[in-house]
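Step one of this worksheet: look at the structure below.
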Amino acid sequence: MKYPEVQNFINGVFTNASSNRQMEVISPIDSTLLAVMTLSNKSDLDRAVKAAADAFPGWSKTPIKERVQVFFRYKTLLEKHMVELSRLVQEENGKTFDEARAEIEKSIELTEFACSLPQLVTGEILEVSRGVECRTEHIPLGVVASIVPFNFPSMVPNWTLPNAIALGNCMIMKPSEKVPLSCGKIAELLKEAGLPDGVFNIIQGDSEMVEAICDHSGIEAVSFVGSTKVAKIVYSRATSNYKRCIALGGAKNHLLVLPDAIPQMTAANVAASMSGCAGQRCMAASVMLAVGEVDHIIEKICDEVRKIVPGVNLGAVINKESKDRIENYIAEAEKQGAKILVDGRNPKVDGKEKGTYVGPTVIDFVTPEMAVAREEIFGPVISIIRVNTVDEALAIENANPYGNAASVFTQNGGVARYIIEHASAGMIGVNVGVPVPREPFPFGGWNESKFGVGDITGKSSIEFWTKLKKSTTKWSPEAGVNWMS
């Protein structure tokens, strides 16, 4: 076992969970045992919530310009420990080192945005009548929780914790039980950066702990990132307990490729989008809508995909269950008449024979009713559906229940604008395979890719993590009196 037992982090101290239930943390790269983790129970959550509640009065009363100083120091520590943090993400998630490093770099960008919050939450003041002023202020909620997934062990925690905490809240974070190690390192760095004890706490656990967070009366708001199936459950359960909730679910992202697209640029972007992070990201390309005659571009896409080699520049999927599920999708499509242009099933990776790898896979002549065209695969697989017109492509894109992202590859600005206006997705790309907005623009999809109001990052997150206080003051008895005063 490479690392010590995974523990909770409560009130500034790593501590053992109270239950007898344990699970192993296995590296997808080669099935190495990384650590053992004891799963928490409700009493552990109660202790974490109490620690956060006790810390809240002092932290929330600290001026925001002082609170963000912690995150200036935290940013520096992320930069200092870049390699260590990247290696940890790589080990527990299976990404390539470059992908893991990019995740830490994005965490730094997210932290930089949190450092800018004093300039964004100044509130407003206006003299609404002679001698009468109205003012608004952003007030923290209290104890909040963030439930984060396995696919980005560092970045997704940093989607929420810098903003929520800089805005004056105290946080309980529940990492995925598949990748609990990175969050522990984040806690260490935050403590080193000077974050007071109790402001950030970690509870390790599985679905039992997710349910307990949704039910806990001491938690005011919950953010969640994961599958749509679970996002619906979390949103319903949290809001039924009168909590704020934003729950991000799955996706089935479509790329529309038109004949006038630049072939090499399109091919490189499509290949990177469908295979980056082994396809285990909610912004991955999943379906390519080939509009008209684009065989010349499909050939180049296949050429680019063949350059992506498992264990070299393609990471592993999270576990054997995921590997088997992804490869079953490919086999089913083949049985239904689709043509496998590039087959990534059962790749051989020298020295990592026990790793859970799936090679990049391109499937042509897919029809909209096939499972590979409808369901989230969460692996390095792209299905090609051939259509005659842009409207036919949009009809397929808009018929899918998700709404995270869509992209178009074309050199026609009018067509691009038409697709931007008509695609039912929250994030749209033009000649961009992964249209993730950069800070301060927020991240968030539509339809069954997101439940709740607002977005999870950027300026939009301010409204989620705070409540607005409005005050009206009058001091001058000599001020004129009218209906406004």
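General observations
- Selected residue (only one of ASP455, ASP391 is over 26 Å from GLU304 (Cβ atoms) and part of a helix (DSSP H, G or I)): ASP391
- Failed item in (1) surrounded by 17 or more Cβ atoms within 10 Å (Cβ to Cβ); (2) at pLDDT 95 or above; (3) touching a strand residue (DSSP E or B) at 6+ places or on another chain (Cβ under 7 Å), with ALA166 passing the rest: (3)
- Strands (runs of 3 or more DSSP E) completely within segment 1-97 that count 2 or more residues being surrounded by fewer than 18 Cβ atoms within 10 Å (Cβ to Cβ): 13-15, 22-26, 33-38
Quick grid of which residues meet (1) part of a loop (DSSP other than H, G, I, E, B); (2) under 17 Å from the mean Cα position of the chain (by Cα):
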| site | (1), (2) |
| --- | --- |
| PRO157 | no, yes |
| THR160 | no, yes |
| ALA164 | no, yes |
| GLY168 | yes, no |
| SER182 | no, yes |
| LYS185 | no, no |
| ASN201 | no, no |
| GLU208 | no, no |
| ILE213 | no, no |
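- Of the residues examined, VAL408 is one that is closer than 30 Å to LYS95 by Cβ and either modelled with pLDDT of 95 or more or part of a loop (DSSP other than H, G, I, E, B) (or both).
- Taking segment 324-374 as the range and being in a helix (DSSP H, G or I) and acidic (Asp, Glu) as the test, the residues that pass are ASP324, GLU327, GLU332, GLU334.
Yes/no per residue for (1) of a type in the set (Lys, Arg); (2) at pLDDT 95 or above; (3) farther than 24 Å from ILE462 by Cα; (4) surrounded by fewer than 16 Cβ atoms within 10 Å (Cβ to Cβ):
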position	(1), (2), (3), (4)
ALA187	no, yes, no, no
ALA193	no, yes, no, no
GLY198	no, yes, no, no
TYR235	no, yes, no, no
LEU256	no, yes, yes, no
MET265	no, yes, yes, yes
ASN269	no, yes, yes, no
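- Single unsatisfied condition, GLU304 versus (1) without any contact (Cβ under 8 Å) to a residue 24 or more places away in the chain; (2) in contact with a helix residue (DSSP H, G or I) (Cβ under 8 Å, 6 or more places away or on another chain): (1)
- Hits in segment 278-308 (condition: within 14 Å of GLY379 (Cα to Cα) and either in a loop (DSSP other than H, G, I, E, B) or not assigned by TED's automatic domain parsing to the domain that holds VAL372 (or both)): GLN280, ARG281, CYS282, MET283, ALA284, ILE308
- Of all residues in segment 449-476, those that are within 30 Å of ALA399 (Cα to Cα) have Cβ atoms under 8 Å from Cβ atoms of residues that are assigned to a helix (DSSP H, G or I) and basic (Lys, Arg), 6 or more apart or on another chain, in PHE451/LYS232.
The values are calculated or read from the model by the stated rules, or taken from the named source; none is laboratory data. The structure displayed is predicted, hence computed values, not measured ones. FYI the Cβ positions are ideal-geometry reconstructions off the backbone, even for glycines, and counts take in every protein chain you see.
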